[in-house]
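Below is one structure, written out as structure tokens; comments come after it.
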Amino acid sequence: MTAGGEGVDENGRFDFEATTRGGFQAPRVKVLCSSATALDRVSDSSIDAVVIDPPYYNNVMYSELSDFFYVWLKRTAGQVVPDLFRTSLTSKDLEAVANPARFGDEKGSAARANREYQDRMAEIFAESHRVLKPNGIMTLMFTHKATGAWDALTKGLMRAGFSVTASWPINTEFGNSLHILDKAAANSTIFLVCRPLAERPADAPSSYWEDVEPEVAEAVRKRIKEFQDAGIGGVDLYLASFGPALQKFSEHWPLRRGTPRPQPEVRKRRKQAEMFEEEWDPYEVTPEDALDAARREVKRWRLQQLTHMKARADLDPLTSFYVLAWDAFKAPRFDYDEALRLGRAVGVDLEKDIIGHVAEKKASEVILWDSAKRAAKGALGPADGSRSWLDAVHHAAYAARSRNLQYAREMLTKAQVDTESGFFATLEAVLEVLPVSKAFSGIDLEGDVAEFGNDFEALENLRKLAFANDVDEPQQLQFWKEEAEAAQA
């Protein structure tokens, strides 16, 4: 309705009596307050749509946060609805979160917390399935970066009898929001559209992951460009790809492997065996398998784009990790578990190939090193790129920063890498993902990020001096040129 129209008075206020007189009957709204695992007052197959913004795994302990407000609400709203404020604080035991603290210092507390979250979400989804009409629809929102959270959520969905039929990434976070600023955080929320899964016949043949995996990869390939054209990038692009991967995965659920997968090394260590309470099944297929396939497809897509022009060579695994980490997380610090999964996608051993060479581990984070930090730690590999082309690029950046551009140019010539397509491809990709220094953007970089900006400045000046005919100007500089032109206009 618009101001002055039917049902709205001259001051633009909604007039319920006017709408009733005009033939409009406002629908009755019923608000229930109860656990999502027990919707006792809702009949079977009576709801057209269920919309859920579920707890994000281990991201926020909502009940603990709520206690701050609960004690004050109890003194105000508690006077109106005392039944909702009978306890001194909010309940912790019934909350659907993966909180290892609930299990104290017990071994395997993280695994038990994960299982409790799965079970609780499965109960919620099962109850949603019960009240939903056969042709109803359920939409849920999820943002968590960790694929373990997605794995737990999807297992709960499929155990409850749902399949994912569509997914939509929606930009929901303001880029300068303080809780995501300078962090490897997601700016978008993934909306998963789910429908009741048709019951699989008891005599239906088993589906095998080896047959379904190519379909999952193809589904992701078809959507990546669509997501990117819509402005989805960085870590959000990986998250957005999870939707179509899970959609195809759920179409074939349940799945088994035709050939067994090797047992993870950590499970072989007797010392840690008690931390894994589930029996190891080498033929098991989980949603995380689909997420791995999705990451691999995004990796291929992004690397093709980051070496888009004249340089035609595949990046080696270590370089791929470094480039894709900057491309996905837009920060030198990111979660260790996410680094593990990115390493798996590009084919590197995180502890063996990355930590101590191009990054360090601090608590639960991985911190990338710029060229100067690698040089100070004696972590630069051979300048001829025999281990990784990133070594050659970092040698050049450090030489330009510590000496001068001509010295860096001569060093590359001496190492015989200045005509190699692998070096050109790496230089091109690195220049597309490193933060742009103040010399090109006019914006000051702070903290550790400034050191990576210094790498960018040294490499871009070296490119203009010696490799302008082999490596094109970084596309990301076009943005800053347009900004400067707009400021002058």
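The values are calculated or read from the model by the stated rules, or taken from the named source; none is laboratory data. All of these numbers come straight from a predicted model, not from anything done at the bench. Virtual Cβ from ideal backbone geometry, glycine too; neighbours counted across all protein chains shown.
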Quiz item: Out of the range 123-157, which residues are modelled with pLDDT under 85, of a type outside the set (K, R) and out of contact with any strand residue (DSSP E or B) (no Cβ under 8 Å at 6 or more places or on another chain)?
Solution: H144, T147, G148, D151, A152, G156
Quiz item: Which condition breaks for P100 when tested against (1) within 30 Å of the chain's Cα centre (by Cα); (2) modelled with pLDDT of 85 or more; (3) crowded, with 17+ Cβ neighbours inside 10 Å; (4) not β-branched (V, I, T)?
Solution: (2)
Exercise. Identify, by number, the condition in (1) in a loop (DSSP other than H, G, I, E, B); (2) surrounded by fewer than 11 Cβ atoms within 10 Å (Cβ to Cβ); (3) modelled with pLDDT under 70 that E17 doesn't meet.
Key: (1)
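Yes/no per residue for (1) loosely packed, with under 10 Cβ neighbours inside 10 Å; (2) in the same structural domain as P134 (by TED's automatic domain parsing); (3) at pLDDT 70 or above; (4) within 30 Å of the chain's Cα centre (by Cα):
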| residue | (1), (2), (3), (4) |
| --- | --- |
| V8 | no, no, no, no |
| G22 | no, no, no, no |
| A49 | no, yes, yes, yes |
| L65 | no, no, yes, yes |
| A77 | no, no, yes, no |
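If we keep just the residues of the range 182-229 that are over 30 Å from V449 (Cα atoms), among the aliphatic types (A, V, I, L, M) and surrounded by fewer than 21 Cβ atoms within 10 Å (Cβ to Cβ), which is modelled with the lowest pLDDT? Talk me through it step by step, then tell me what you get.
If we filter the range 182-229 for residues that are over 30 Å from V449 (Cα atoms), which is where we start, we get 191-223, 226.
With among the aliphatic types (A, V, I, L, M) added as a condition, the list becomes 192-193, 197-198, 202, 204, 212, 216-217, 219-220.
Narrowing the set further to residues that are surrounded by fewer than 21 Cβ atoms within 10 Å (Cβ to Cβ) leaves 193, 197-198, 202, 204, 212, 217.
On the way: V193: 89, L197: 77, A198: 67, A202: 61, A204: 65, V212: 95, A217: 93.
Looking at residues that are over 30 Å from V449 (Cα atoms), among the aliphatic types (A, V, I, L, M) and surrounded by fewer than 21 Cβ atoms within 10 Å (Cβ to Cβ), I get A202.
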Quiz item: Which condition does D44 not pass, out of (1) assigned to a helix (DSSP H, G or I); (2) modelled with pLDDT of 75 or more; (3) exposed (fewer than 13 other Cβ atoms within 10 Å of the Cβ), if it passes all the others?
Solution: (1)
Practice problem: Quickly run through the range 302-329 and pick out the residues that are surrounded by fewer than 20 Cβ atoms within 10 Å (Cβ to Cβ) and modelled with pLDDT of 90 or more. | Solution: P317
Quiz item: Among the residues of the range 440-454, is there at least one that is surrounded by fewer than 24 Cβ atoms within 10 Å (Cβ to Cβ), hydrophobic (A, V, I, L, M, F, W, C), touching a Lys or Arg at 6+ places or on another chain (Cβ under 7 Å) and in the same structural domain as A372 (by TED's automatic domain parsing)?
Solution: yes
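Just name the residue that is farthest from F321 (Cα to Cα) out of those in the range 207-246 that are part of a helix (DSSP H, G or I) and of a type in the set (F, W, Y). Explain how you work it out, then say what you get.
Filtering the range 207-246 for residues part of a helix (DSSP H, G or I) gives 209-229, 235-246.
Then keep just the ones that are of a type in the set (F, W, Y); that gives 209, 227, 238, 242.
Details: W209: 26, F227: 22, Y238: 14, F242: 20 Å.
Top of the filtered list is W209.
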Quiz item: Just checking, how many residues over the range 79-96 are loosely packed, with under 10 Cβ neighbours inside 10 Å, more than 35 Å from the chain's Cα centre (by Cα) and in a loop (DSSP other than H, G, I, E, B)?
Solution: 4
Exercise. Go through the residues of the range 359-380 one by one and say whether even a single one is out of contact with any Asp or Glu (no Cβ under 7 Å at 6 or more places or on another chain), buried (at least 23 other Cβ atoms within 10 Å of the Cβ) and part of a helix (DSSP H, G or I).
Key: no
Self-check item: Search result, residues across the range 326-357 that are closer than 22 Å to E432 by Cα, of a type in the set (A, V, I, L, M, F, W, C) and part of a helix (DSSP H, G or I)
Solution: W326, A328, F329, A339, L342, A345, V346, I354
